[in-house]
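No lab work stands behind these numbers, since they all come straight from the coordinates. The structure presented is a predicted model; accordingly, all values stated were derived computationally and were not measured. Cβ placement follows ideal geometry from the backbone for every residue including glycine, while neighbour counts extend to all protein chains displayed.
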There are 2 protein chains.
Amino acid sequence: MAYTAPVEQIAFILNNVVAFRQLAETELFAEATPETVTAILTEAGKLADEVIAPVNRAGDLTPARLENGKLRSSPGYAEAFRALADGGWIGVSANPEHGGMGLPQALNAAVMEMIGSGCLALQLNPLLTQGQIEALEHHGSDHLKETYLPKLISGEWSGTMNLTEPQAGSDVGALTTKAERMDDGSYRITGQKIFITWGDSDVTENVCHLVLARLPDGGAGTRGISLFMVPKLIPDENGNPGMANDLRVVSLEHKLGIHGSPTCVMSFEGAKGWLVGQENKGMAAMFTMMNAARLGVGVQGVAVAEAALQAATAYAAERVQMGPIIRHPDVRRMLAESRAEVFAARAICLACATALDMARATGSEEWAARAALLTPIAKAYGTDVGIRVSDTAVQVHGGMGYIEETGAAQYLRDVRITAIYEGTNGIQAMDLVGRKLADGGAAAMAILDEILDGAKAAQATEPELAHQVWQAAETLREATLEMLDRDLPERFAGAVPYLMAFARVLGATYHALAAMRGGNAALARVYINRILPHFSADLAAARAGLADLEAVEDAVFAGRMAG
Amino acid sequence: MAYTAPVEQIAFILNNVVAFRQLAETELFAEATPETVTAILTEAGKLADEVIAPVNRAGDLTPARLENGKLRSSPGYAEAFRALADGGWIGVSANPEHGGMGLPQALNAAVMEMIGSGCLALQLNPLLTQGQIEALEHHGSDHLKETYLPKLISGEWSGTMNLTEPQAGSDVGALTTKAERMDDGSYRITGQKIFITWGDSDVTENVCHLVLARLPDGGAGTRGISLFMVPKLIPDENGNPGMANDLRVVSLEHKLGIHGSPTCVMSFEGAKGWLVGQENKGMAAMFTMMNAARLGVGVQGVAVAEAALQAATAYAAERVQMGPIIRHPDVRRMLAESRAEVFAARAICLACATALDMARATGSEEWAARAALLTPIAKAYGTDVGIRVSDTAVQVHGGMGYIEETGAAQYLRDVRITAIYEGTNGIQAMDLVGRKLADGGAAAMAILDEILDGAKAAQATEPELAHQVWQAAETLREATLEMLDRDLPERFAGAVPYLMAFARVLGATYHALAAMRGGNAALARVYINRILPHFSADLAAARAGLADLEAVEDAVFAGRMAG
């Protein structure tokens, strides 16, 4: 299952499709030139191909396990992680003050895509660490920053995110983990958390938990929640891992995929923690981490889609049934549609990352609003494409795709979680039509204006494609205005199809721009003629409202009543 | 994971939506009254709920295995299979002369759906046996019929289908297994077959293999292929299992799902076989079996979708996150769309089965052509719905859906094979636009006329729904005429989306008919307003041709060139 990092495809999007080139004109990212892009992508690609991808199968076959309460990671993971950390890849966009490279998030996203293509289960470890780095950079005290950032950036330590409790999944406000103030300024954390990715590790010397908990006088709901740094080993006065903290891994989950990533039930038993940000403002700090992670998960979808598509392509080129099946029209259709979707999802993720970078580099609120709007789209569409393309890749393999040894099924099993964690895709869509349209649609309209500008620009060289994008954008604008007129339950009923329609229109735009700028016009046609048209069915569903859904009895869903 | 057989939903479709009631007016199926339907469905439902479903999880956790060359099936399978066989459920539509019930295939399909909801891996065993029964009824000599049919129908013996070889999957004509004529009128079979479902069994006392092989003077391709009955134990003069035949299971595959179903590599080492049908006409006999099995696999998709949807509904009713999540608009959307698709897929499968029955009861070529056209649609749409609904059911479970103990992931893993085996869904679609349109579109047009009649009938009570169905049918007619004008490679490039469009229009029609006849109008609206609209995007893809697919370079699929 050889993977080859798609350096050229990614570089083309960065340099020609999204606003990445504007970054090099800012002071902060003056170094982000096309040369840097190529150098970084080539190096990271080599790591992904040669070091990360080779451990992917072993992690599936030999999951992480607990041995007398100690975590044992999958064979080869420690070495692969060490190579990744030593290459500096955890700190691509971290602050140089603490050892990071200070490069744009967009470049980090591209690097993380490659590593995720290599091995998703292992990539989760640096992904969560990067989220923690960002949360600390924004909200940590100087002492926390000095103690933790260098170790996290170097990969000596890793980071986790502790939100979920059995009764508090999507409803984070229902959490009950307790925090008590101690005389020395620290806190005592007590409670149980579930679904904690890489909640323990033997590939790093310490594991740093960011834990959401409630102070005795914290109110109910999300407003009474605070965020704490709770390390597995408490740093001593020299900043080295010292005494064991009062926390432990209770058990690991037995999952559909990402077997190499230990998913832990964690018990905090009066563990020592330090406040991150302000008391009762934990959700704000957590959102920093979650937003970065959401984009990161969208990128994971693209990552697995790329790897699965490469595997399917290789199989189709070799498998002969009345000629190589890659020449069969239906197999070609599957591969072409998949490639067109991977391009679109990748462009959306990189556009989102670039917007984050532009916001940071220029302080522009428009860029920040754009990034905020694109984040749920990148997450949900990226992961949906991840699942769809991995599923198609199994299909291209025919009967061999169902045999585990082939590896195609692993991609499908692994990627399936991405539509669920970091907020299910339904939650992403509700975020889009709720919070992200709360500006009265300003950010959405700004993007739609840009799409129309793009379509206008493409008209000279690709008139037919440009025309379809234009029409789609106009229809999406109407649907957006209609959405703004509705109450939240009505919006929520149409949220997922609305998000998907938005993604398809964006994807079509990026394809048209690419075709115009020397990219693959045939691929753009595949997307715009075959995939974009579903946007209008999506919008029909988005507009269909709540009444028909309410009118179907629960007993009908349950099969207990004539449908 | 309690499953409750949806007796009322199935009975409603049989009695009100498809042509099942016409069957009771024929001599052959005079007994197929609504009372019989209810009695059969209720009994089979009880078996599925109480006996079959309880072994489903055990089969996943403890796959079938080889022990010193002997097959050991999963815990509880033998008892569950015995109950199924003793209830007479293998022979629901088999000839009463040999112990069958002689009831319509449509009723058998409904029964097999329920058993498949209970445990897909186990249901495969009677499904393949039923295909073998049908092949023998049509093509077997009297001696073969007398020897094998009573044992197969009673479930004392089971049947398999041996087509695939490593180099001959979709290209059956490439097979190399050899048959030699022996002096006693039997044949010697030598070769290796792969992907043989239930290729051995300890739940029956004998296993009967129907094997495709080539005689020394059989020509190349599919025309030189003959079909043989090759039993594991050779029946003695009293018809009891006697000497072991020269064949063995080499190994079992390690699969994504249906772990309880042993998927065997079979080696025939000069095994004794008897000709079924005529020499070199094996493909014709095999097609009888394959057509029945294709519909049966479509039904499997519906079966797993039903079970997965019931599980998701139960979870959504219990899981509280700011109220039970079944009240959340987006969760409701997922459940309602899933239920609407299950209804549509089930109606298409039962319409296909009923057409088969009408063809048999009346000898009508129109009904036969209708059944032939509906078979690939039932197979591909039924299994696509199976995968889509099982995938949505995982999503409804949120994080719990990714944990294997929940059982939701098993449905997704199990059902994934149904889009691949018995001819991939791509092969089904090519069959539809190739062989099934080879009549110049007569059968397709006949169905479209019926759809228009249905829409006309529904106009009085459901004008809006009827209008949409009408329009969709007209567009589908245009697309069909266009398809007929194209050469095969062009048709094949659009085959899958064309099939999906056809299925959606059919599904919408059955929903409209149901709404008109006292069924669930709200569910019909969900389908027609949210799912049907995708048909026009499907038709856009169906019409997009081959040129853009050919224009994308293979290196772009492989990620080795800027896309």
Across B:171-181, the residue-averaged tally of Cβ atoms belonging to other chains within 10 Å stands at 1
Using a/c under 1.5 as the rounded threshold, could you call the protein assembly as shown rounded, prolate or oblate? The axes a ≥ b ≥ c are square roots of the C-alpha gyration tensor eigenvalues, and prolate needs a/b larger than b/c, oblate otherwise. prolate
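What relative contact order, as a whole-number percentage, does region A:158-280 give when Cα pairs under 8 Å and 6 or more residues apart are counted?
Numbers: 295 pairs, mean separation 37.1, N = 123.
Here the relative contact order equals 30 percent.
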Given +1 on the Cβ of Lys and Arg, -1 on the Cβ of Asp and Glu, and no further charges, what dipole in debye does chain B carry about its Cα centre, rounded to the nearest 20? 980
For region A:1-159, with the dipole built from +1 on Lys and Arg beta-carbon atoms and -1 on Asp and Glu ones, taken about the Cα centre, which of A:149, A:63, A:41 lies farthest toward the positive end? A:63
Towards the positive end of the charge dipole of chain A, with charges on Cβ (+1 Lys, Arg; -1 Asp, Glu), say which of A:84, A:407, A:252 has the farthest Cα. A:407
List every residue whose amide H lies under 5 Å from the amide H of residue A:165, counting only residues 5 or more places away in sequence or on a different chain, with H placed 1.01 Å from N in the peptide plane. A:194
For a 22 Å ceiling on Cα separation, which of these pairs sit above it: B:70/B:145; B:151/B:281; B:379/B:436; A:193/A:281? B:70/B:145; B:151/B:281
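Given axes a ≥ b ≥ c from the Cα gyration tensor, I'd like to know whether region B:181-240 is rounded (a/c under 1.5), prolate (a/b larger than b/c) or oblate.
Note, shape of region B:181-240 comes out oblate.
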At residue B:31 and residue A:236, where each label point lies 7 Å from the Cα along Cα→Cβ, what is the point-to-point distance in nanometres? 8.6
Helix B:442-458 versus the longest principal axis of chain B: what angle, 0 to 90°, nearest 10, using Cα atoms? 40
Could you work out the relative contact order of chain B, using alpha carbon pairs under 8 angstrom and six or more residues apart, expressed as a whole percent? 13
Which longest uninterrupted range of chain A lacks any GluC sites (Glu not before Pro) assigned by DSSP to a loop state (not H, G, I, E or B) and surrounded by at most 16 other Cβ atoms within 10 Å? A:280-552
With charges only on Cβ, +1 for K and R and -1 for D and E, what is the dipole size of region A:372-494 about its Cα centre, in debye, rounded to 20? 260
Please work out whether region B:222-264 counts as rounded, prolate or oblate from its C-alpha gyration tensor, where a ≥ b ≥ c are the square roots of the eigenvalues and a/c under 1.5 means rounded, while otherwise a/b larger than b/c means prolate and anything else oblate? oblate
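Out of all DSSP beta bridges with both ends in the protein assembly as shown, state the antiparallel percent to the nearest 5.
Taking every DSSP beta bridge with both residues in the protein assembly as shown, the antiparallel ones total about 85 percent.
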Cβ-Cβ FRET estimate between residue B:442 and residue A:62, R0 fixed at 51 Å, reported to 0.05: 0.30
Using a basic spin-label model with each label point 7 Å from the Cα along Cα→Cβ, how many nm lie between residue B:488 and residue B:318? 5.3
Quick one: length gained pulling residue A:366 to residue A:560 fully straight, 0.36 nm per residue minus the C-alpha distance? 64.7 nm
Cβ-derived FRET efficiency at R0 56 Å, residue A:243 paired with residue B:281, nearest 0.05: 0.10
Within region A:159-179, whose backbone N sits under 17 Å from a point 7 Å along Cα→Cβ of residue A:269? A:178
From Cα coordinates alone, what are the radius of gyration and Dmax values for chain A in angstrom? 23.2, 77
Region A:7-153: proportion of alpha-carbon pairs further apart than 21 angstrom, %: 49
Inter-copy label distances at residue A:244, 7 Å along the Cα→beta-carbon direction, one decimal in nm, shortest first? 5.4
Under the definition of Cα pairs under 8 Å and six or more residues apart, what whole-number percent is the relative contact order of region A:425-550? 32
About the Cα centre, and with charges only on the beta carbon of Lys, Arg (+1) and Asp, Glu (-1), how big is the dipole of the protein assembly as shown? Nearest 20 debye, please. 140
Suppose we keep just the DSSP beta bridges with both residues in chain B; what percent of those would be antiparallel, to 5? 85
Which of B:347, B:335, B:302, positive extreme of dipole for region B:298-349 (C-beta unit charges): B:335
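Rounded to the nearest 500 deg cm²/dmol, what is the calculated helix-only ellipticity per residue at 222 nm for the protein assembly as shown, with -39500 (n - 2.57) per DSSP H run of length n ≥ 4?
The helix-only estimate for the protein assembly as shown comes to -17000 deg cm²/dmol at 222 nm.
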³J(HN,Hα), Karplus 6.51/-1.76/1.60, whole Hz, each residue of region A:157-165, x for Gly, Pro: 10, 10, x, 10, 10, 10, 9, 5, 10
At 7 Å along the Cα-to-beta-carbon direction for both residue A:181 and residue B:464, put a label point, then send me their distance in nm to one decimal. 5.8
Length added when fully stretched, residue B:449-residue B:70, from 0.36 nm per residue minus Cα-Cα: 131.0 nm
Within region A:521-563, name every residue whose backbone N is under 17 Å away from a label modeled 7 Å from Cα of residue A:478 along the Cβ vector. A:533-545
